[in-house]
Amino acid sequence: DIQMTQSPSSLSASVGDRVTITCRASQSISNFLNWYQQKPGKAPKLLIYAASSLQSGVPSRFGGSGSGTDFTLTISGLQPEDFATYYCQQSYSTPPYTFGQGTKLDI
Amino acid sequence: QLQLQESGPGLVKPSETLSLTCTVSGGSVSSSTYYWGWIRQPPGKGLECIGTIYYTGATYYNPSLKSRVTISVDTSKNQFSLELSSVTAADTAVYYCGAYDSSNYFGWFDPWGQGTLVTVSS
């Protein structure tokens, strides 16, 4: 199985900050990498697919980059509603598609 | 607009079988665009993909759960289902159903159901 490792596990930031979350795959996954946002008690929401493509309706302050084994999610100009937990997920090859362990972003 | 909704018992006894159903609205489980999946999240922990099914009945299961999992699809009811046998307290989790969009070269889960908490306890 492909293992996904996120860092950091938790992160504290302030409104207006720029933050970066990293996701590393245990083998090359090209750009088959998605990012999700999850708020407490809610289902995850797709933010970015194919490593860098913004899902429709997602604010442009969210950005993704990377290819191969190393990927980043960047949030520029944090807003109060961005404080949540973020997960990466690989969609390379056949299912099941593994998730990272999550990064909790709080104030 | 595609929507998914989980249903099933919220409490299951140890050693019994957990059974959940996901009802799809605004689209068809027979669509070639989607795989249909189950993902779970133990309290306070991360996400684990249990498995997926295509409308043809082709399934993919997480190797760590494969011996206990069955995912099926019922096109007449526009539903797909999860069965997890021989459950223990470690299977206590919020269970989500999700549509895995495979309409282009890449794929992703969107949308998701709201999730349902299943507790394994006697």
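Tell me the carbon and sulfur percent of the accessible area for chain B, rounded to whole percent, probe radius 1.4 Å.
Of all accessible area on chain B, carbon and sulfur atoms account for 47 percent.
Got the relative contact order for the stretch A:12-107 handy, in percent, Cα pairs under 8 Å and 6 or more residues apart?
It rounds to 35 percent for the stretch A:12-107.
For the pairing of chain A with chain B, what total accessible surface becomes buried, with a 1.4 angstrom probe, in square angstrom to the nearest 100?
1900
Suppose we keep just the DSSP beta bridges with both residues in chain A; what percent of those would be antiparallel, to 5?
Here the antiparallel bridges make up roughly 90 percent for chain A.
Sorting B:34, B:55 by accessible area (1.4 Å probe), largest first, what list results?
Correct descending sequence by accessible area is B:55, B:34.
What is the average number of partner chain Cβ atoms found within 10 Å of a Cβ in A:40-48?
5
In nm², what is the average projected area of the convex hull enclosing the Cα atoms of chain B?
Averaged projected hull area, Cα only: 7.2 nm².
Would you mind working out the accessible area per residue for chain B, using a 1.4 Å probe, and quoting it in Å²?
That works out to 45 Å² for each residue.
In straight Cα distance, which lysines are under 24 Å from residue A:45, not counting same-chain residues fewer than 8 positions off?
Counting by Cα, and skipping residues close in sequence, residue A:45 has these lysines nearby: A:104, B:45.
Which cysteines does the protein assembly as shown leave without a neighbouring Cys Cβ under 4.7 Å?
B:49
Between B:65, B:18, B:82, where does the largest GNM mean-square fluctuation fall for chain B, given springs only between Cα atoms within less than 10 Å?
Answer for the Gaussian network model of chain B: B:65.
Comparing the chain by itself with all protein chains present, which residues of the stretch B:98-122 are at least 10 Å² less accessible (probe 1.4 Å)?
B:100, B:105, B:106, B:107, B:108, B:109, B:110, B:112, B:114
Taking amide H atoms as placed 1.01 Å from N in the peptide plane, list the residues 5 or more away in sequence, or in a different chain, whose amide H sits under 5 Å from that of residue A:84.
For residue A:84, whose amide H was placed from the backbone, the distant partners under 5 Å are A:105.
The values are calculated or read from the model by the stated rules, or taken from the named source; none is laboratory data. Just so we're clear, the structure is a prediction, and the values are computed from it rather than from any experiment. Positions of Cβ are generated from backbone atoms using ideal geometry, with glycine treated the same way; all protein chains shown enter the neighbour counts. Please note that ligands, DNA and RNA were not included when accessible areas were found on the heavy atoms of the full protein model with its side chains. Shrake-Rupley method; radii C 1.70, N 1.55, O 1.52, S 1.80 Å.
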